[in-house]
Amino acid sequence: MTKSIELKQQYFFECLSQSVVDMDEKQAKKIAKMIINESMDCNKAIEIGLSGGMARVGTLYETGEYFIPDLLVCADVVQEAMTVLRTGLIQNPLSKGRVVIGTIFGDTHDLGKNIVILFLMSAGYEVLDLGKDVSARSFVDEAVKWKADIIAISTLMTTCMKNIKDVIDLLITENKRKQFRIIIGGKPVSFNFATIIGADGYAENAVQTVKLLDTIFSK
Ligand code: B12
């Protein structure tokens, strides 16, 4: 890619990020459409523009400049722009593996999980989205029913971290732990936490999640 195209792309991603911060849905969708029309990298647009924009919104919330209603509007802008950008993601007809994913019980944050889903699907994984506030029982039942290879669990709340362990404990109790690999993600969790609770992997963002699964499936 030439330097000028790269700079142009970067500029579009920054504008997208700004439209999330500005709560400007119309502008976000307009930029998303332009990104597709210009055949720019939609994965990067999601990661840098939408994820990056939401990270900036998070900081504004933490510094007391934005409040919950603002977060809700920004989240809507991200979801709407995502529906446009997903049409530009490369559709991979392969099925590299089956992933059941959800946000853990007690937690309703789902933007990050939804981004992870888009990345996994475009990388060739089949994904079943269980949504948010998902109980350990549902994770296990759906994974069994759907013959999943991977159970992927998201949380953004420290108070819900312990609920992830409930899924692992339930699998152990029912003698099903060996049927699935468990990966976790979300702001408060880490590689160390994954190791402590007996999960098989942790990824920091959507790009790393694809890399993690590619590594797991190459073994
Ligand atoms: C947007 C937001 C909301 C929105 C959520 C909208 C939605 N549809 O998701 C709304 C307004 C609804 C909301 C509500 C609440 N929120 Co809130 N929210 C946020 C905020 C600002 C941004 C989160 C976000 O969307 N980030 C952008 C996404 C793209 O990033 P991400 O989620 O981290 O995802 C990436 C990675 O983590 C990773 N990843 C994510 N999931 C997974 C899963 C797997 C398997 C893998 C491998 C990787 C992975 O990949 C993703 C993409 O790259 C954060 C602050 C922050 N800085 O994070 C607070 C924050 C998470 N919220 C917080 C709180 C407290 C709440 C409320 C309790 C507030 C209230 N008083 O009602 C409620 C929660 C109610 C509930 N029970 O769930 C706290 C949590 C504190 C804590 N220590 O637990 C935070 C940290 C804010 C703060 N500093 O106080 N919130």
Report P(r) for the chain: all Cα-Cα distances, bin width 5 Å, range 0 to the bin holding the largest distance, values in whole percent.
1, 7, 15, 18, 18, 15, 12, 8, 4, 1, 0, 0
Cβ-based exposure ranking for F193, F67, in which fewest neighbours within 10 Å come first:
F67, F193
Using the Kyte-Doolittle scale, find the helices of the chain whose mean hydropathy is at least -0.5 and whose Cα atoms extend 24 Å or more along the helix's long axis, counting only whole DSSP H runs.
3-21, 68-85
Go through K30/K132; K29/K132; K147/K178; K29/K187; K165/K211; K8/K30 and tell me which ones have a Cα-Cα distance over 21 Å in this structure.
K30/K132; K29/K132; K29/K187; K165/K211
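Of F13, F217, how do they rank once you tally other Cβ atoms within 10 Å and put the fewest first? Before the final figure, lay out each step's value.
Working: F13 23, F217 14.
Listed from fewest to most nearby Cβ atoms, that is F217, F13.
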Taking the reciprocal of mean 1/r across every pair of different Cα atoms in segment 3-88, the Kirkwood radius in Å is 12.6
Semi-axes in Å, largest first, for segment 88-217 (Cα gyration tensor, √(5λ)) are 21, 16, 14
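FYI, it's all coordinate maths here, none of it is from the lab. A quick note: this is a predicted structure, and the numbers were derived from the prediction, not measured. Cβ coordinates were reconstructed from backbone atoms using ideal geometry, including for glycine residues, and neighbour counts include every protein chain displayed.
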